[in-house]
Ligand code: ZN
């Protein structure tokens, strides 16, 4: 079994009608629910809203966690530095970390990258997500090219270190590009940033997106002897 923790700030999905319309079950549950369909994944959730001090990320929880998925957007700064440091150490000690979409600006990811992790936002439109690393475990069962009808366009320059493994590059009708699937090794652990997943788009219901994220959980999980 792989123990998975889906973390969300749980702010816009409580307060904004357009987000509630896209994810009435809340965003962390939307992500957790498709992962729970896999009997090899033991999936739990935690949110900033439920416990602003610990964010639900205690030593006890981390001791029982292999991979953390992280969705945040407008409350990054509300995450205590002590929690970000716990997640950073969790990865350096072998844990997996998967920041999604606007979590490019979450504190643990910035700590793990050592750069600003800034990018440019360029409206919304069709995404064509291209695999540039066929054969990588994160791409298993996913077409080498797939599209999303509407998502939020993130464009370069994306201020992250050159990925250890660049898995996906997304192209737009504007002609611009974005490195949308970036894999890193940090300490004993692994990090995979994946760009799709704006809060008002039903992207986490897309089967290819779900498969990429599920594969990333398996890839990022520590090796257990
Ligand atoms: Zn967004």
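Data for the structure
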item: Filter result (touching a residue at least 40 places away in the same chain (Cβ under 8 Å) and over 12 Å from the mean Cα position of the chain (by Cα)) within the range 80-107; result: 90, 91, 92, 93, 94, 95
item: Number of the exception - residue 117 against (1) in a loop (DSSP other than H, G, I, E, B); (2) within 17 Å of the chain's Cα centre (by Cα); (3) in contact (Cβ under 8 Å) with a residue 60 or more places away in the chain; result: (3)
item: Residues (touching a residue at least 24 places away in the same chain (Cβ under 8 Å) and either within 16 Å of the ligand (Cβ to nearest atom) or in a strand (DSSP E or B) (or both)) located in the range 139-148; result: 146, 148
item: Residue within the range 108-120 that is under 21 Å from residue 202 (Cα atoms) and either modelled with pLDDT of 95 or more or within 16 Å of the ligand (Cβ to nearest atom) (or both) present; result: no
item: Filter pass, residue 133 being at pLDDT 95 or above, in a loop (DSSP other than H, G, I, E, B) and more than 16 Å from the ligand (Cβ to nearest atom); result: yes
item: Filter pass, residue 133 being touching a strand residue (DSSP E or B) at 6+ places or on another chain (Cβ under 7 Å), under 23 Å from residue 13 (Cα atoms) and without any contact (Cβ under 8 Å) to a residue 40 or more places away in the chain; result: no
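A quick yes/no check of all residues on (1) touching a residue at least 40 places away in the same chain (Cβ under 8 Å); (2) away from the ligand (no atom under 16 Å from the Cβ):
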position	(1), (2)
150	yes, no
160	yes, yes
164	no, yes
173	yes, yes
178	yes, no
185	no, yes
188	yes, yes
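The values are calculated or read from the model by the stated rules, or taken from the named source; none is laboratory data. Quantities reported herein were computed from a predicted structural model and do not represent experimental measurements. Using ideal geometry, Cβ is built from the backbone for each residue, glycine included, and neighbour counts are taken over all protein chains shown.
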